[in-house]
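The values are calculated or read from the model by the stated rules, or taken from the named source; none is laboratory data. Small disclaimer: the values here were computed from a predicted structure and weren't measured. Cβ sites come from the backbone with ideal geometry, for glycine too, and all protein chains shown count toward neighbours. What goes into the accessible areas is simple: the full protein's heavy atoms, side chains included, and nothing from ligands, DNA or RNA. Shrake-Rupley method; radii C 1.70, N 1.55, O 1.52, S 1.80 Å.
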Amino acid sequence: EASEQEDGTPKKSRFGGNQRAPTVQEISIMDDMITKLMEAKPYELPNAVSKAIRVISSPRFFIRIAERSDMTQDPIEKEKLSALANNIVTTMDAVVSTAQEKLDDRAKNVEEVVKAAAEPDSGEFLVPLSADRIAAMKARLEKINPADLDEGFLTTIDTWMNKAHEDGLD
């Protein structure tokens, strides 16, 4: 159900990309991507979707698939476009789920490192950290697979630090 302004006119989206029609260049890029994805093997979709998630996950991308389907008279191409839309949705669900699992793993790793900074008897954080707590953090950090010490790990730390700052727990 669309919401309306006080004067009865429909509200417009405040997202910049939804306030204007796509440019000819943007449509061309979407068309190229749609064509490549239609021809891609199913096992290639997760990687392709991951690399172009910002474009592919936009409602405008799906609208363009529908527009192309409406423009073609070829029933085989219509079927390919329909299958592509369904496959992209399924693939996006899997990609997002995998990304969420990775973020959860990174959060567990960060939690273990932070726990190592706490005093073993009380669980409190005494600042500045003692040499024993720093050594415990370093030992815990060294147990983490180096491949997991990536941007997601650092982003999780940054998020936790911002949250602590906002809560007055500097």
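Protein heavy-atom surface of segment 35-170, 1.4 angstrom probe: 57% of the accessible area is carbon and sulfur, with nucleic acids and ligands not counted. The distance from the alpha carbon centre of segment 44-71 to that of segment 105-162 is 39 Å, rounded to a whole number.
Relative to the longest principal axis of the Cα atoms of the chain, helix 131-143 runs at roughly 40 degrees. Between helix 151-166 and the chain there is an angle of about 70 degrees, using the helix long axis and the longest principal axis of the Cα atoms.
Take the Cβ atoms of residue 28 and residue 160, set R0 to 45 Å, and the FRET efficiency comes out at 0.60. For segment 90-148, the Kirkwood hydrodynamic radius from C-alpha pairs, put into Stokes-Einstein at 25 °C and a viscosity of 0.890 mPa s, yields a diffusion coefficient of 188 µm² per second.
Between 0 and 90 degrees, the angle of helix 24-39 with respect to the longest Cα principal axis of the chain falls at about 80 degrees.
How much area per residue is accessible in segment 40-170 when the probe is 1.4 Å and only protein heavy atoms are counted (Å²)?
Numbers: 9190 Å² over 131 residues.
For segment 40-170, the per-residue accessible area is 70 Å².
In the chain, helical runs assigned H by DSSP with n ≥ 4 each contribute -39500 (n - 2.57); averaged across all residues and rounded to the nearest 500, the mean residue ellipticity at 222 nm is -22000 deg cm²/dmol. Percent of C-alpha pairs per 5 Å bin in the chain, short distances first: 1, 7, 11, 12, 11, 10, 9, 9, 8, 7, 6, 4, 2, 1, 0. Across segment 45-148, Cα pairs under 8 Å and at least six residues apart give a relative contact order of 22 percent. Scalar couplings 3J(HN,Hα) for segment 95-103, obtained by applying the Karplus form with A = 6.51, B = -1.76, C = 1.60 to θ = phi - 60°, are 5, 5, 4, 5, 4, 5, 4, 5, 5 Hz; x denotes Gly and Pro.
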